[in-house]
Amino acid sequence: MSPSADRAAQGEALSRAVWDVLAQQGLEKLTVRAVAAAAGCTTGLVMHRFPNRRALLLHARQLLHDTTRERVEALEAAATSPRAALRGVLHQGMATDPETTNWSIVWLGFLAAAVADAELIGMHRRNNRAWRQRAERLVAAAAPDWPVDQVGAVALGLIAMTEGVAALAAADPAAYPADEQERMLDAALVAYGLGCEGSRPS
């Protein structure tokens, strides 16, 4: 393996280790030592790429954004209609299974950590604005006759609903089971006039 390929493989292994620590132990346990243990390497190797915990946090926040973007792009590509694409993308943002519940917990942890950190909050805002732009584009595709202000208001309402229920479900899964979350999503889409085949409004 060439040195550049070896460095790329090392970087991927460390990124996977960062994500494993986040998903399995939580944001508060994200340390150089924990990442080294998850990657099966020395702390020195981790610190060569991430010299401190803050560097790990910045990388992990970008990793969350990149992973989410890849997932929603795949959902969009596989959707059979613009409204199905909208529903699929919104659905993955809720906490309906162990993986998406972990994502919600990690996202909330980043939000808390970002409040007192100018660089983290800047990254957080950029990524969230990109998410809002995606939602607006999907709503516009699902309702091409709507004016721009209506598209923006509906997209924001759907984001608030899905992210709100994700936060509630992450903290109390028994009170917000997956099927109830899906009914909430479908009811919201129908109320906005964006229901699609397969929705469950009742």
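The values are calculated or read from the model by the stated rules, or taken from the named source; none is laboratory data. Since the model is a prediction, treat every value here as computed from it, not as a measurement. For neighbour counting, all protein chains shown are included, and Cβ atoms are generated from backbone atoms with ideal geometry for every residue, glycine included. Areas reflect the complete protein model, heavy atoms only, side chains present, ligands, DNA and RNA absent. Shrake-Rupley method; radii C 1.70, N 1.55, O 1.52, S 1.80 Å.
Here are a few things to note about the model shown:
- Shape metrics for segment 103-202, restricted to C-alpha atoms - Rg then Dmax, Å: 15.3, 44
- What you get for segment 1-121, charging only the Cβ of Lys and Arg (+1) and of Asp and Glu (-1), is a dipole of about 160 debye around the Cα centre.
- Rounded to the nearest whole Hz, the Karplus-based 3J(HN,Hα) values (6.51 cos²θ - 1.76 cosθ + 1.60, θ = phi - 60°) of segment 157-173 follow the sequence x, 5, 5, 4, 5, 5, 6, x, 5, 5, 5, 5, 5, 5, 7, 8, x, with x at glycine and proline.
- With every protein chain in place, segment 144-189: carbon and sulfur % of accessible area (1.4 Å): 62
- All alpha carbon pair distances within segment 100-149 were sorted into 10 Å bins beginning at 0; the resulting P(r) in whole percents reads 23, 35, 25, 15, 0.
- Span from the segment 22-70 Cα centroid across to the segment 158-182 one, whole angstrom: 27
- Ligands, DNA and RNA excluded, the heavy atoms of Ser104 present near 10 Å² of accessible surface to a 1.4 Å solvent probe.
- Sequence-ordered 3J(HN,Hα) estimates for segment 121-136 from the Karplus curve with 6.51, -1.76 and 1.60 and θ = phi - 60° stand at 5, x, 5, 4, 5, 4, 5, 5, 5, 5, 5, 5, 4, 5, 4, 5 Hz, glycine and proline given as x.
- Alpha-carbon radius of gyration plus Dmax, which is the widest Cα pair, for the chain in Å: 18.8, 58
- Computed 3J(HN,Hα) for segment 78-91, one whole-Hz value per residue from the Karplus formula 6.51 cos²θ - 1.76 cosθ + 1.60 where θ = phi - 60°, is 8, 5, 8, 7, x, 6, 5, 5, 4, 4, x, 5, 5, 4, glycine and proline marked x.
- Using a probe of 1.4 angstrom and keeping all protein chains present, the accessible surface of the chain works out to 52 square angstrom per residue.
- Farthest positive-ward along the chain dipole, Cα basis, beta-carbon charges - from Ala135, Gln10, Val190: Gln10
- Coordinate range of the alpha-carbon atoms in segment 138-177 per principal axis, descending: 40, 14, 11 Å.
- A convex hull fitted to the Cα coordinates of segment 39-97 yields 117 cubic angstrom per residue.
- Asp145 exposes around 140 Å² of accessible area when a 1.4 Å probe is run over every protein chain in place.
- Of the solvent-accessible surface of segment 1-141, computed with a 1.4 Å probe over protein heavy atoms with every protein chain present, carbon and sulfur atoms account for 55 percent.
- Note on segment 50-130: along the principal axes its Cα atoms extend 44, 24, 21 Å, ordered by decreasing extent.
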